[in-house]
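Asker: Attaching a single structure in structure tokens format; questions to follow.
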Amino acid sequence: MATVLIEVFTSPTCPHCPAAVKATKGLFEKHNELKKDVAWKEVNTGTPAGSGKARTYGISSVPTIIITNLKTNERFGVGGAPGDKKYVDMIYKALGKSPEKDGGKEVKKEHSENKSNSEGGLIDKFANLFR
């Protein structure tokens, strides 16, 4: 069972969304070790369910990628299609591990004061996380 879920929020009319989906698919091709702990899905904001989920997270533009640790409910978000290194770093942070080049060892996680991400804009809360 996956520990981390990646949700790629897209829209049928978005010209940049296919790049975010392609980056996510490519990530799993390049980093096979992630497949056992990470699942992903595309969330189409052109559907009622997709637009509702986007509103819940405070997403106002696409593509947007949300990475959730399913055990702790800790979430990270990024707009657009991140580069491979940034994407991998975000996933390993969500897993509580360092990247495989460092042996994939567990790292001590800092606890966030704000565990609830249902209010306000999730992207706003994490906009500076990886800058």
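Derivation of every value follows stated rules applied to the coordinates shown; laboratory data play no part. As the structure is a computational prediction, the values presented were derived from the model and not from experiment. All Cβ positions, glycine included, derive from the backbone under ideal geometry; neighbour counts span all protein chains shown.
Asker: How do S60, S98, S11 line up, fewest other C-beta atoms within 10 Å first?
Answerer: Placing the least packed residue first, the sequence is S60, S98, S11.
Asker: Take F9, F28 and order them by how many other Cβ atoms sit within 10 Å, fewest up front.
Answerer: In increasing order of surrounding Cβ atoms, one gets F28, F9.
Asker: Counting other C-beta atoms within 10 Å, which of K97, K86 has the fewest, and how do the rest follow?
Answerer: Ranking K97, K86 by Cβ neighbours within 10 Å, fewest first, gives K86, K97.
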